[in-house]
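**Q** Input: one structure, supplied below.
Each value in this text was obtained by applying a stated rule to the coordinates, not by laboratory testing. Given the structure is predicted, the values throughout are model-derived calculations rather than measurements. For neighbour counting, all protein chains shown are included, and Cβ atoms are generated from backbone atoms with ideal geometry for every residue, glycine included.
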Amino acid sequence: MKKKWNIKEEPKLSANTELGDYSHLVQTLLIQRNIITKKEAFRFLHCSYRDLHDPFLFTNMKNAIVRIKEARNKQESIAVYGDY
């Protein structure tokens, strides 16, 4: 059977980390994204639109927009999946 998920091993949290103000879960997620300082964590967790990448860098974004507009015009349901 083909493996469907690649689960990262939980990083070891150092007592010396700057992320001690955050819960164990949040620290784990930040470290997995290579965010290790308070400044980086704050910027990641409290981002603004100017911090986001251009969505048109995604492959087939123009096609996705056409399909979303079509679904809206036909009053179809739309589901958007993402992790951030």
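**Q** Could you size up the charge dipole of the chain around its Cα centre, putting +1 on the beta carbon of Lys and Arg and -1 on that of Asp and Glu, and report it in debye to the nearest 20?
**A** That gives the chain a dipole magnitude of about 400 debye.
**Q** Please find the FRET efficiency linking Asn63 to Tyr22, where r is the Cβ-Cβ separation and R0 is fixed at 30 Å, and quote it to the nearest 0.05.
**A** Approximately 0.20, to the nearest 0.05.
**Q** Just give me a number: lysine pairs in the chain, eight or more positions apart or cross-chain, with C-alpha atoms less than 24 Å apart.
**A** So the count works out to 4.
**Q** Residue by residue through segment 53-63, what is 3J(HN,Hα) from phi via Karplus (6.51 cos²θ - 1.76 cosθ + 1.60, θ = phi - 60°)? Round to whole Hz and write x for glycine and proline.
**A** 6, 5, x, 6, 6, 5, 4, 6, 4, 4, 4
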